[in-house]
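What follows is one structure encoded as C-alpha coordinates, with my remarks underneath.
The values are calculated or read from the model by the stated rules, or taken from the named source; none is laboratory data. Predicted model, so just to flag it, every value in this text is computed and none were measured. Methodologically, a virtual Cβ is constructed for each residue, glycine included, from the backbone with ideal geometry; neighbour enumeration extends over all protein chains shown.
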Amino acid sequence: MTELLNILIVEDNEGDIFLIKECLNDKLTNRNIITLKNGAAAIDFLSEQVTLDYGMLPQLILLDINLPMKSGHEVLEFLNNHSELNGIPVVVFTSSSSLLDINKAYSRNASCYLTKPLELKEYKKMIHHALKFGSYVLSQCNPNVLNA
Amino acid sequence: MTNTVSENKTLQIENNELAYIIHNSLNEIYIFDINTLKFIYANKGALINIGYSLFELNLLTPLDIKPEFTAEKFEELIQPLKNKEKEILLFNTVHKRKDESCYPVEIHLQRMKYKNADVYTAIIIDISEQVEFENKLIETTKTLVDINERLHHFAATTAHDLQEPLRMVSTFSGLLEMNYNANLDDKGLQYLNYILDGSKRMKLLIDEILEYSLIDRKSIKMESINLNKVLTLVKTDLNEQIKDGNALITLPTNDIEIRGNFSCLYRLFLNMISNSIKYSKEGLNPEIDISITAIPDYWMITVQDNGIGISPEYFDRVFDMYVRLPTADEIKGTGIGLAICKKVVDVHNGKIWIESQEGSGSKFIFTIKM
(Lines give C-alpha, C1' and ligand atoms only; values in the text may rest on other atoms or scores of the structure.)
Protein backbone atom coordinates (compact mmCIF):
# COMPACT_ATOMS: atom_id res chain seq x y z
CA MET A 1 0.00 0.00 0.00
CA THR A 2 1.22 3.46 -0.88
CA GLU A 3 1.65 5.63 2.18
CA LEU A 4 -0.73 8.55 2.13
CA LEU A 5 0.89 11.91 1.96
CA ASN A 6 -1.75 14.63 1.74
CA ILE A 7 -4.90 14.51 3.78
CA LEU A 8 -7.53 17.24 3.94
CA ILE A 9 -9.80 17.38 6.96
CA VAL A 10 -12.86 19.60 6.66
CA GLU A 11 -14.34 19.80 10.15
CA ASP A 12 -15.45 22.62 12.45
CA ASN A 13 -15.62 20.80 15.78
CA GLU A 14 -12.33 21.23 17.68
CA GLY A 15 -12.77 18.01 19.59
CA ASP A 16 -13.32 15.99 16.43
CA ILE A 17 -10.32 17.63 14.75
CA PHE A 18 -8.12 16.60 17.67
CA LEU A 19 -9.51 13.06 17.67
CA ILE A 20 -9.13 12.57 13.93
CA LYS A 21 -5.53 13.76 14.06
CA GLU A 22 -4.81 11.48 17.03
CA CYS A 23 -6.19 8.53 15.11
CA LEU A 24 -4.26 9.46 11.97
CA ASN A 25 -1.05 9.85 13.95
CA ASP A 26 -1.40 6.28 15.07
CA LYS A 27 -0.92 5.01 11.58
CA LEU A 28 1.21 7.43 9.64
CA THR A 29 4.46 9.17 10.14
CA ASN A 30 5.01 10.81 6.83
CA ARG A 31 1.90 12.80 6.20
CA ASN A 32 0.71 16.24 5.44
CA ILE A 33 -2.55 17.01 7.20
CA ILE A 34 -4.45 20.16 6.38
CA THR A 35 -7.44 21.14 8.46
CA LEU A 36 -10.05 23.59 7.26
CA LYS A 37 -13.00 24.61 9.38
CA ASN A 38 -15.62 25.62 6.88
CA GLY A 39 -16.88 24.61 3.46
CA ALA A 40 -15.99 27.86 1.72
CA ALA A 41 -12.36 27.63 2.84
CA ALA A 42 -12.22 24.05 1.57
CA ILE A 43 -13.54 25.05 -1.84
CA ASP A 44 -11.11 27.98 -2.07
CA PHE A 45 -8.18 25.78 -1.05
CA LEU A 46 -9.01 23.09 -3.59
CA SER A 47 -9.47 25.59 -6.43
CA GLU A 48 -6.10 27.08 -5.55
CA GLN A 49 -4.35 23.70 -5.68
CA VAL A 50 -5.69 23.07 -9.15
CA THR A 51 -4.39 26.37 -10.48
CA LEU A 52 -1.07 25.83 -8.76
CA ASP A 53 -0.67 22.82 -11.01
CA TYR A 54 -1.80 20.22 -8.43
CA GLY A 55 0.64 21.48 -5.78
CA MET A 56 -0.77 20.16 -2.55
CA LEU A 57 -3.85 18.34 -3.79
CA PRO A 58 -5.12 16.00 -1.07
CA GLN A 59 -5.17 12.26 -1.67
CA LEU A 60 -7.96 11.72 0.83
CA ILE A 61 -10.64 14.11 2.06
CA LEU A 62 -12.41 13.60 5.39
CA LEU A 63 -15.51 15.75 5.09
CA ASP A 64 -18.09 16.77 7.69
CA ILE A 65 -21.56 17.77 6.47
CA ASN A 66 -22.64 20.41 8.96
CA LEU A 67 -20.14 23.18 8.33
CA PRO A 68 -20.32 26.96 8.54
CA MET A 69 -20.25 29.10 5.37
CA LYS A 70 -20.77 26.24 2.93
CA SER A 71 -21.96 22.75 3.86
CA GLY A 72 -20.25 19.46 3.12
CA HIS A 73 -22.83 18.88 0.41
CA GLU A 74 -21.72 22.03 -1.36
CA VAL A 75 -18.09 20.92 -1.15
CA LEU A 76 -19.08 17.56 -2.66
CA GLU A 77 -20.96 19.37 -5.40
CA PHE A 78 -17.87 21.46 -6.15
CA LEU A 79 -15.61 18.39 -6.28
CA ASN A 80 -18.07 16.57 -8.49
CA ASN A 81 -18.14 19.39 -11.02
CA HIS A 82 -14.39 19.53 -11.57
CA SER A 83 -12.77 16.76 -13.59
CA GLU A 84 -9.40 17.51 -12.01
CA LEU A 85 -10.87 16.93 -8.54
CA ASN A 86 -13.58 14.30 -8.82
CA GLY A 87 -11.08 11.44 -8.63
CA ILE A 88 -10.10 12.21 -5.04
CA PRO A 89 -11.62 9.75 -2.55
CA VAL A 90 -13.97 11.59 -0.20
CA VAL A 91 -15.02 9.99 3.06
CA VAL A 92 -17.98 11.81 4.57
CA PHE A 93 -17.53 11.75 8.35
CA THR A 94 -20.49 13.33 10.09
CA SER A 95 -22.76 13.10 13.13
CA SER A 96 -25.88 13.08 10.97
CA SER A 97 -27.48 9.70 10.34
CA SER A 98 -30.36 11.14 8.36
CA LEU A 99 -31.27 9.25 5.20
CA LEU A 100 -31.64 12.56 3.44
CA ASP A 101 -28.02 13.47 4.07
CA ILE A 102 -26.82 9.98 3.16
CA ASN A 103 -28.66 9.96 -0.16
CA LYS A 104 -27.61 13.50 -0.94
CA ALA A 105 -23.94 12.69 -0.30
CA TYR A 106 -23.96 9.57 -2.45
CA SER A 107 -25.79 11.34 -5.25
CA ARG A 108 -22.86 13.78 -5.27
CA ASN A 109 -20.45 10.86 -5.56
CA ALA A 110 -19.08 10.68 -2.02
CA SER A 111 -16.90 7.57 -1.80
CA CYS A 112 -18.46 6.55 1.47
CA TYR A 113 -20.54 7.92 4.33
CA LEU A 114 -19.53 7.29 7.95
CA THR A 115 -21.49 8.37 11.01
CA LYS A 116 -19.31 9.57 13.87
CA PRO A 117 -19.43 6.93 16.61
CA LEU A 118 -19.63 7.69 20.33
CA GLU A 119 -16.88 5.38 21.52
CA LEU A 120 -13.17 5.84 21.00
CA LYS A 121 -12.58 2.28 19.83
CA GLU A 122 -15.12 2.65 17.03
CA TYR A 123 -13.85 6.10 16.16
CA LYS A 124 -10.30 4.79 15.68
CA LYS A 125 -11.54 1.89 13.60
CA MET A 126 -13.41 4.18 11.26
CA ILE A 127 -10.55 6.59 10.72
CA HIS A 128 -8.17 3.71 10.09
CA HIS A 129 -10.55 2.23 7.56
CA ALA A 130 -10.85 5.59 5.84
CA LEU A 131 -7.06 5.69 5.63
CA LYS A 132 -6.87 2.19 4.26
CA PHE A 133 -9.45 3.08 1.67
CA GLY A 134 -7.58 6.21 0.63
CA SER A 135 -4.30 4.29 0.40
CA TYR A 136 -5.94 1.65 -1.74
CA VAL A 137 -7.36 4.19 -4.17
CA LEU A 138 -3.98 5.85 -4.43
CA SER A 139 -2.23 2.59 -5.15
CA GLN A 140 -4.66 1.93 -8.00
CA CYS A 141 -4.34 5.35 -9.55
CA ASN A 142 -1.92 6.77 -12.05
CA PRO A 143 0.85 8.05 -9.79
CA ASN A 144 1.65 10.85 -12.22
CA VAL A 145 -1.72 12.48 -11.76
CA LEU A 146 -1.93 12.56 -7.96
CA ASN A 147 1.57 12.59 -6.51
CA ALA A 148 3.12 15.99 -5.75
CA MET B 1 -120.24 3.01 8.32
CA THR B 2 -120.71 6.66 8.56
CA ASN B 3 -119.27 8.76 11.37
CA THR B 4 -121.66 10.24 13.86
CA VAL B 5 -121.72 13.97 14.31
CA SER B 6 -119.79 13.72 17.56
CA GLU B 7 -117.14 11.46 16.02
CA ASN B 8 -116.74 13.94 13.21
CA LYS B 9 -116.41 16.75 15.73
CA THR B 10 -113.70 14.77 17.62
CA LEU B 11 -111.82 14.13 14.41
CA GLN B 12 -112.03 17.80 13.51
CA ILE B 13 -110.73 18.87 16.91
CA GLU B 14 -107.92 16.29 16.66
CA ASN B 15 -107.07 17.50 13.16
CA ASN B 16 -107.05 21.06 14.40
CA GLU B 17 -104.82 20.15 17.28
CA LEU B 18 -102.45 18.27 14.97
CA ALA B 19 -102.45 21.23 12.61
CA TYR B 20 -101.68 23.44 15.57
CA ILE B 21 -98.68 21.29 16.48
CA ILE B 22 -97.36 21.29 12.93
CA HIS B 23 -97.82 25.00 12.57
CA ASN B 24 -96.10 25.82 15.83
CA SER B 25 -93.22 23.36 15.53
CA LEU B 26 -89.89 25.09 15.51
CA ASN B 27 -88.66 22.75 12.79
CA GLU B 28 -89.26 24.42 9.47
CA ILE B 29 -92.04 22.99 7.32
CA TYR B 30 -92.76 24.28 3.80
CA ILE B 31 -95.24 23.30 1.17
CA PHE B 32 -94.71 24.42 -2.41
CA ASP B 33 -96.49 23.98 -5.69
CA ILE B 34 -95.27 21.18 -7.92
CA ASN B 35 -95.47 23.23 -11.10
CA THR B 36 -94.81 26.86 -10.21
CA LEU B 37 -92.62 25.90 -7.20
CA LYS B 38 -94.16 28.85 -5.37
CA PHE B 39 -94.57 28.48 -1.60
CA ILE B 40 -98.10 27.68 -0.55
CA TYR B 41 -97.50 27.31 3.16
CA ALA B 42 -94.76 27.73 5.73
CA ASN B 43 -95.13 26.98 9.41
CA LYS B 44 -94.18 29.25 12.26
CA GLY B 45 -90.70 27.70 12.65
CA ALA B 46 -90.00 28.38 8.98
CA LEU B 47 -91.25 31.96 9.08
CA ILE B 48 -89.25 32.78 12.20
CA ASN B 49 -85.97 31.47 10.80
CA ILE B 50 -86.29 32.52 7.15
CA GLY B 51 -87.46 36.06 8.02
CA TYR B 52 -90.12 36.39 5.32
CA SER B 53 -93.83 36.66 6.04
CA LEU B 54 -96.16 34.05 4.55
CA PHE B 55 -97.46 36.72 2.20
CA GLU B 56 -93.90 37.39 0.93
CA LEU B 57 -93.20 33.64 0.65
CA ASN B 58 -96.23 33.11 -1.58
CA LEU B 59 -94.35 35.11 -4.21
CA LEU B 60 -91.12 33.12 -3.78
CA THR B 61 -89.83 29.67 -4.70
CA PRO B 62 -87.19 27.45 -3.04
CA LEU B 63 -84.67 28.86 -5.53
CA ASP B 64 -85.03 32.26 -3.89
CA ILE B 65 -83.82 30.91 -0.56
CA LYS B 66 -81.27 28.40 -1.83
CA PRO B 67 -78.14 30.25 -3.01
CA GLU B 68 -76.39 26.98 -3.94
CA PHE B 69 -79.00 26.00 -6.53
CA THR B 70 -79.79 27.12 -10.06
CA ALA B 71 -83.13 26.31 -11.64
CA GLU B 72 -81.53 23.48 -13.66
CA LYS B 73 -79.77 22.01 -10.66
CA PHE B 74 -82.97 22.05 -8.65
CA GLU B 75 -84.93 20.41 -11.48
CA GLU B 76 -82.30 17.71 -11.61
CA LEU B 77 -82.48 17.22 -7.86
CA ILE B 78 -86.25 16.75 -7.66
CA GLN B 79 -86.51 14.50 -10.73
CA PRO B 80 -86.65 11.28 -8.69
CA LEU B 81 -89.57 12.73 -6.74
CA LYS B 82 -91.27 14.07 -9.82
CA ASN B 83 -91.21 10.76 -11.67
CA LYS B 84 -92.03 8.87 -8.49
CA GLU B 85 -88.76 6.95 -8.48
CA LYS B 86 -88.11 7.94 -4.88
CA GLU B 87 -90.45 8.70 -2.03
CA ILE B 88 -88.21 11.05 -0.12
CA LEU B 89 -85.09 13.05 -0.82
CA LEU B 90 -82.55 13.87 1.85
CA PHE B 91 -79.91 16.46 1.20
CA ASN B 92 -77.87 19.25 2.80
CA THR B 93 -77.58 22.80 1.56
CA VAL B 94 -77.65 26.41 2.71
CA HIS B 95 -80.68 28.68 3.21
CA LYS B 96 -80.60 32.43 2.77
CA ARG B 97 -82.76 34.54 5.04
CA LYS B 98 -84.55 37.74 4.09
CA ASP B 99 -81.69 39.71 5.67
CA GLU B 100 -79.21 37.88 3.35
CA SER B 101 -77.62 35.87 6.20
CA CYS B 102 -77.18 32.13 5.58
CA TYR B 103 -77.43 28.97 7.63
CA PRO B 104 -76.69 25.28 6.89
CA VAL B 105 -79.75 23.00 6.62
CA GLU B 106 -80.72 19.36 6.29
CA ILE B 107 -83.74 18.96 4.02
CA HIS B 108 -86.28 16.13 3.87
CA LEU B 109 -88.33 16.55 0.70
CA GLN B 110 -91.45 14.60 -0.19
CA ARG B 111 -94.23 14.69 -2.70
CA MET B 112 -97.74 14.69 -1.27
CA LYS B 113 -101.35 15.64 -1.89
CA TYR B 114 -102.62 18.89 -0.40
CA LYS B 115 -106.09 20.26 -1.11
CA ASN B 116 -106.40 17.83 -4.01
CA ALA B 117 -103.24 19.00 -5.72
CA ASP B 118 -99.74 17.53 -5.87
CA VAL B 119 -97.28 19.46 -3.80
CA TYR B 120 -93.78 19.16 -2.43
CA THR B 121 -93.39 19.25 1.32
CA ALA B 122 -90.09 20.05 2.91
CA ILE B 123 -89.15 19.47 6.52
CA ILE B 124 -86.04 21.42 7.31
CA ILE B 125 -83.60 21.18 10.18
CA ASP B 126 -81.25 24.02 10.96
CA ILE B 127 -77.87 22.29 11.47
CA SER B 128 -75.81 25.38 12.28
CA GLU B 129 -74.77 24.02 15.66
CA GLN B 130 -73.73 20.63 14.28
CA VAL B 131 -71.65 22.24 11.57
CA GLU B 132 -69.97 24.45 14.14
CA PHE B 133 -69.11 21.45 16.31
CA GLU B 134 -67.82 19.56 13.30
CA ASN B 135 -65.56 22.46 12.37
CA LYS B 136 -64.31 22.76 15.93
CA LEU B 137 -63.55 19.03 15.93
CA ILE B 138 -61.62 19.28 12.68
CA GLU B 139 -59.71 22.26 14.04
CA THR B 140 -58.84 20.49 17.30
CA THR B 141 -57.75 17.35 15.47
CA LYS B 142 -55.52 19.44 13.22
CA THR B 143 -53.95 21.11 16.26
CA LEU B 144 -53.36 17.78 17.96
CA VAL B 145 -51.75 16.26 14.87
CA ASP B 146 -49.58 19.36 14.56
CA ILE B 147 -48.48 19.23 18.20
CA ASN B 148 -47.74 15.53 17.93
CA GLU B 149 -45.57 16.09 14.89
CA ARG B 150 -43.67 18.86 16.61
CA LEU B 151 -43.09 16.74 19.71
CA HIS B 152 -41.69 13.98 17.54
CA HIS B 153 -39.43 16.39 15.76
CA PHE B 154 -38.35 17.88 19.08
CA ALA B 155 -37.49 14.48 20.54
CA ALA B 156 -35.56 13.49 17.43
CA THR B 157 -33.67 16.79 17.26
CA THR B 158 -32.87 16.77 20.98
CA ALA B 159 -31.64 13.20 20.90
CA HIS B 160 -29.50 14.04 17.91
CA ASP B 161 -28.07 17.24 19.44
CA LEU B 162 -27.21 15.44 22.65
CA GLN B 163 -24.99 13.04 20.75
CA GLU B 164 -22.25 15.52 19.99
CA PRO B 165 -21.29 16.55 23.54
CA LEU B 166 -21.71 12.94 24.58
CA ARG B 167 -19.31 11.92 21.87
CA MET B 168 -16.78 14.39 23.28
CA VAL B 169 -17.14 13.00 26.80
CA SER B 170 -16.98 9.42 25.65
CA THR B 171 -14.12 9.63 23.17
CA PHE B 172 -11.88 11.82 25.29
CA SER B 173 -12.42 9.68 28.37
CA GLY B 174 -11.36 6.81 26.15
CA LEU B 175 -8.26 8.74 25.11
CA LEU B 176 -7.49 9.49 28.74
CA GLU B 177 -7.76 5.85 29.62
CA MET B 178 -5.66 4.81 26.65
CA ASN B 179 -2.83 7.34 27.00
CA TYR B 180 -2.72 8.19 30.68
CA ASN B 181 -3.69 5.10 32.59
CA ALA B 182 -0.09 4.64 33.75
CA ASN B 183 -0.34 8.04 35.42
CA LEU B 184 -3.51 7.22 37.31
CA ASP B 185 -3.79 5.34 40.58
CA ASP B 186 -6.58 2.81 41.21
CA LYS B 187 -8.98 5.47 42.40
CA GLY B 188 -8.30 7.60 39.33
CA LEU B 189 -8.94 4.62 37.07
CA GLN B 190 -12.15 3.90 38.90
CA TYR B 191 -13.36 7.49 38.39
CA LEU B 192 -12.58 7.12 34.73
CA ASN B 193 -14.55 3.90 34.59
CA TYR B 194 -17.58 5.57 36.07
CA ILE B 195 -17.31 8.31 33.46
CA LEU B 196 -17.04 5.79 30.63
CA ASP B 197 -19.88 3.69 32.01
CA GLY B 198 -22.09 6.74 32.42
CA SER B 199 -21.50 7.84 28.86
CA LYS B 200 -22.24 4.31 27.57
CA ARG B 201 -25.56 4.34 29.38
CA MET B 202 -26.36 7.77 28.07
CA LYS B 203 -25.66 6.59 24.54
CA LEU B 204 -28.15 3.74 25.03
CA LEU B 205 -30.75 6.15 26.35
CA ILE B 206 -30.34 8.56 23.48
CA ASP B 207 -30.49 5.75 20.92
CA GLU B 208 -33.71 4.45 22.42
CA ILE B 209 -35.32 7.89 22.72
CA LEU B 210 -34.47 8.48 19.08
CA GLU B 211 -35.90 5.08 18.19
CA TYR B 212 -39.09 5.84 20.10
CA SER B 213 -39.55 9.25 18.56
CA LEU B 214 -39.11 7.89 15.06
CA ILE B 215 -42.06 5.49 15.33
CA ASP B 216 -44.73 7.68 13.90
CA ARG B 217 -47.95 6.73 12.14
CA LYS B 218 -47.31 9.11 9.26
CA SER B 219 -43.80 8.03 8.39
CA ILE B 220 -44.35 4.29 8.78
CA LYS B 221 -44.67 2.25 5.63
CA MET B 222 -46.87 -0.85 5.86
CA GLU B 223 -46.26 -3.92 3.73
CA SER B 224 -46.84 -7.65 3.65
CA ILE B 225 -44.33 -9.31 5.99
CA ASN B 226 -43.41 -12.90 6.72
CA LEU B 227 -43.40 -13.13 10.50
CA ASN B 228 -40.86 -15.94 10.73
CA LYS B 229 -38.48 -13.89 8.60
CA VAL B 230 -38.57 -11.10 11.20
CA LEU B 231 -38.15 -13.56 14.06
CA THR B 232 -35.25 -15.37 12.39
CA LEU B 233 -33.46 -12.06 11.88
CA VAL B 234 -34.01 -11.14 15.54
CA LYS B 235 -32.67 -14.52 16.64
CA THR B 236 -29.60 -14.07 14.50
CA ASP B 237 -28.92 -10.58 15.80
CA LEU B 238 -29.35 -11.72 19.41
CA ASN B 239 -27.10 -14.73 18.86
CA GLU B 240 -24.46 -13.67 21.37
CA GLN B 241 -27.00 -12.86 24.08
CA ILE B 242 -28.80 -16.15 23.44
CA LYS B 243 -25.59 -18.16 23.67
CA ASP B 244 -24.38 -16.37 26.81
CA GLY B 245 -27.72 -16.80 28.52
CA ASN B 246 -28.23 -20.41 27.34
CA ALA B 247 -31.60 -19.36 26.08
CA LEU B 248 -34.01 -21.50 24.08
CA ILE B 249 -36.31 -19.68 21.70
CA THR B 250 -39.21 -21.46 20.04
CA LEU B 251 -40.68 -19.84 16.95
CA PRO B 252 -44.29 -20.30 15.80
CA THR B 253 -45.00 -23.48 13.84
CA ASN B 254 -47.33 -21.74 11.41
CA ASP B 255 -45.89 -19.51 8.70
CA ILE B 256 -47.92 -16.33 8.66
CA GLU B 257 -47.92 -13.22 6.47
CA ILE B 258 -48.94 -10.08 8.34
CA ARG B 259 -49.40 -6.50 7.30
CA GLY B 260 -46.98 -4.18 9.09
CA ASN B 261 -43.70 -2.33 9.15
CA PHE B 262 -40.66 -4.58 9.06
CA SER B 263 -38.21 -2.53 11.12
CA CYS B 264 -40.85 -1.66 13.75
CA LEU B 265 -41.82 -5.30 14.21
CA TYR B 266 -38.16 -6.28 14.24
CA ARG B 267 -37.61 -3.76 17.02
CA LEU B 268 -40.63 -5.01 18.96
CA PHE B 269 -39.52 -8.63 18.96
CA LEU B 270 -35.91 -7.69 19.59
CA ASN B 271 -36.86 -5.75 22.72
CA MET B 272 -39.25 -8.41 23.97
CA ILE B 273 -36.98 -11.39 23.47
CA SER B 274 -33.98 -9.49 24.78
CA ASN B 275 -36.00 -8.64 27.90
CA SER B 276 -37.03 -12.24 28.42
CA ILE B 277 -33.40 -13.32 28.34
CA LYS B 278 -32.26 -10.44 30.55
CA TYR B 279 -34.92 -10.85 33.20
CA SER B 280 -34.52 -14.59 33.58
CA LYS B 281 -34.71 -16.42 36.86
CA GLU B 282 -31.48 -17.18 38.69
CA GLY B 283 -30.32 -20.70 37.92
CA LEU B 284 -32.92 -21.31 35.24
CA ASN B 285 -32.14 -21.27 31.50
CA PRO B 286 -34.49 -18.81 29.81
CA GLU B 287 -37.11 -20.44 27.61
CA ILE B 288 -39.11 -18.25 25.28
CA ASP B 289 -42.14 -19.44 23.34
CA ILE B 290 -43.63 -17.41 20.52
CA SER B 291 -46.98 -18.30 18.98
CA ILE B 292 -49.55 -16.68 16.73
CA THR B 293 -53.26 -17.25 16.20
CA ALA B 294 -55.96 -15.55 14.18
CA ILE B 295 -58.90 -13.85 15.88
CA PRO B 296 -61.57 -11.79 14.10
CA ASP B 297 -59.82 -8.92 12.26
CA TYR B 298 -56.55 -9.39 14.15
CA TRP B 299 -53.48 -11.57 14.53
CA MET B 300 -52.79 -12.35 18.18
CA ILE B 301 -49.17 -12.97 19.08
CA THR B 302 -47.94 -14.37 22.38
CA VAL B 303 -44.42 -14.21 23.77
CA GLN B 304 -44.11 -16.37 26.84
CA ASP B 305 -41.06 -16.73 29.07
CA ASN B 306 -40.06 -18.44 32.33
CA GLY B 307 -38.36 -15.42 33.86
CA ILE B 308 -38.80 -13.38 37.02
CA GLY B 309 -42.37 -12.37 36.15
CA ILE B 310 -44.23 -9.12 36.74
CA SER B 311 -46.56 -8.33 39.59
CA PRO B 312 -50.10 -7.38 38.35
CA GLU B 313 -49.90 -3.92 39.93
CA TYR B 314 -47.28 -3.00 37.32
CA PHE B 315 -49.09 -4.37 34.26
CA ASP B 316 -50.05 -0.93 32.99
CA ARG B 317 -47.04 1.01 34.13
CA VAL B 318 -44.33 -1.09 32.51
CA PHE B 319 -45.36 0.28 29.13
CA ASP B 320 -44.69 3.86 30.24
CA MET B 321 -41.44 5.60 29.42
CA TYR B 322 -38.55 5.11 31.83
CA VAL B 323 -40.47 2.72 34.10
CA ARG B 324 -38.43 -0.14 35.52
CA LEU B 325 -39.47 -2.75 38.02
CA PRO B 326 -37.98 -2.69 41.53
CA THR B 327 -37.33 -6.43 41.18
CA ALA B 328 -35.06 -5.70 38.26
CA ASP B 329 -32.79 -3.34 40.14
CA GLU B 330 -29.48 -5.04 39.47
CA ILE B 331 -30.23 -5.65 35.81
CA LYS B 332 -29.23 -2.91 33.37
CA GLY B 333 -31.97 -1.22 31.37
CA THR B 334 -33.29 2.12 30.15
CA GLY B 335 -37.00 1.60 30.81
CA ILE B 336 -37.78 2.52 27.21
CA GLY B 337 -37.83 -0.92 25.58
CA LEU B 338 -41.45 -1.75 26.41
CA ALA B 339 -42.60 1.80 25.66
CA ILE B 340 -41.23 1.23 22.17
CA CYS B 341 -43.07 -2.11 21.96
CA LYS B 342 -46.34 -0.44 22.92
CA LYS B 343 -45.83 2.33 20.37
CA VAL B 344 -45.20 -0.22 17.61
CA VAL B 345 -48.39 -2.08 18.56
CA ASP B 346 -50.32 1.24 18.58
CA VAL B 347 -49.10 2.09 15.11
CA HIS B 348 -50.31 -1.33 13.96
CA ASN B 349 -53.75 -0.59 15.42
CA GLY B 350 -53.49 -3.30 18.05
CA LYS B 351 -53.42 -3.70 21.82
CA ILE B 352 -50.77 -5.13 24.14
CA TRP B 353 -51.19 -6.62 27.59
CA ILE B 354 -49.56 -8.93 30.11
CA GLU B 355 -50.43 -12.11 31.96
CA SER B 356 -47.97 -12.80 34.74
CA GLN B 357 -47.23 -13.46 38.37
CA GLU B 358 -44.12 -12.35 40.18
CA GLY B 359 -41.68 -15.24 40.17
CA SER B 360 -43.42 -17.39 37.59
CA GLY B 361 -42.67 -16.08 34.12
CA SER B 362 -44.41 -13.52 31.92
CA LYS B 363 -46.74 -13.72 28.95
CA PHE B 364 -46.86 -10.73 26.62
CA ILE B 365 -49.87 -10.74 24.34
CA PHE B 366 -50.45 -8.28 21.55
CA THR B 367 -52.67 -7.90 18.54
CA ILE B 368 -51.94 -6.60 15.06
CA LYS B 369 -54.73 -5.52 12.73
CA MET B 370 -55.08 -7.74 9.68
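Points worth noting:
- Screening residue B:199 with (1) surrounded by fewer than 18 Cβ atoms within 10 Å (Cβ to Cβ); (2) in contact (Cβ under 8 Å) with a residue 24 or more places away in the chain gives one miss only, at (1).
- Count - residues of region B:88-113 that are surrounded by fewer than 13 Cβ atoms within 10 Å (Cβ to Cβ), within 16 Å of residue B:66 (Cα to Cα) and aliphatic (A, V, I, L, M): 1
- Residue count for region B:141-188, restricted to those that are among the charged types (D, E, K, R) and in contact (Cβ under 8 Å) with a residue 12 or more places away in the chain: 2.
- Residue A:100, sole failed condition from (1) aliphatic (A, V, I, L, M); (2) within 14 Å of chain B (Cβ to nearest Cβ); (3) without any contact (Cβ under 8 Å) to a residue 40 or more places away in the chain; (4) not in a helix (DSSP H, G or I): (4)
- Flag if residue B:221 is among the charged types (D, E, K, R), more than 30 Å from residue A:18 (Cβ to Cβ) and within 14 Å of another protein chain (Cβ to nearest Cβ): yes
- Criterion applied to B:212, B:191 was being of a type in the set (Ser, Thr, Tyr) and touching a helix residue (DSSP H, G or I) at 6+ places or on another chain (Cβ under 9 Å), and the one residue passing it is B:212.
- Counted residues, region B:197-216 - those being within 10 Å of chain A (Cβ to nearest Cβ) and among the small types (Gly, Ala, Ser): 1
- Residues located in region A:8-33, provided they are hydroxyl-bearing (Ser, Thr, Tyr) and at pLDDT 85 or above: none
- Those residues of region A:101-140 which are buried (at least 19 other Cβ atoms within 10 Å of the Cβ) and either closer than 22 Å to residue B:201 by Cβ or among the aromatic types (Phe, Trp, Tyr) (or both), in sequence order: A:113, A:116, A:118, A:120, A:123, A:124
- Residue list for region B:291-315, filter: surrounded by 21 or more Cβ atoms within 10 Å (Cβ to Cβ), under 23 Å from residue B:239 (Cα atoms) and within 30 Å of the chain's Cα centre (by Cα): B:301, B:303
- Residues considered: A:12, A:64. Of these, the only one that is within 14 Å of chain B (Cβ to nearest Cβ), within 14 Å of the chain's Cα centre (by Cα) and either buried (at least 22 other Cβ atoms within 10 Å of the Cβ) or farther than 26 Å from residue B:178 by Cβ (or both) is A:64.
- Pairs with Cβ under 6 Å, 6+ apart, first in region A:111-133 and more than 9 Å from every other protein chain (Cβ to nearest Cβ), second among the aromatic types (Phe, Trp, Tyr) and not in a helix (DSSP H, G or I): A:114/A:93
- Test: residue in region A:79-100 that is under 21 Å from residue B:165 (Cβ atoms), exposed (fewer than 15 other Cβ atoms within 10 Å of the Cβ) and modelled with pLDDT of 90 or more: no
- Count of residues meeting criterion [within 14 Å of chain A (Cβ to nearest Cβ) and either closer than 21 Å to residue A:125 by Cα or loosely packed, with under 12 Cβ neighbours inside 10 Å (or both)] in region B:169-196: 14
- Test for residue A:15: is it free of Cβ contacts under 8 Å to residues at least 12 places away in the same chain and among the small types (Gly, Ala, Ser): yes
- Taking the listed residues B:116, B:49, B:43, the one that is among the polar types (S, T, N, Q) and surrounded by fewer than 13 Cβ atoms within 10 Å (Cβ to Cβ) is B:116, with no other qualifying.
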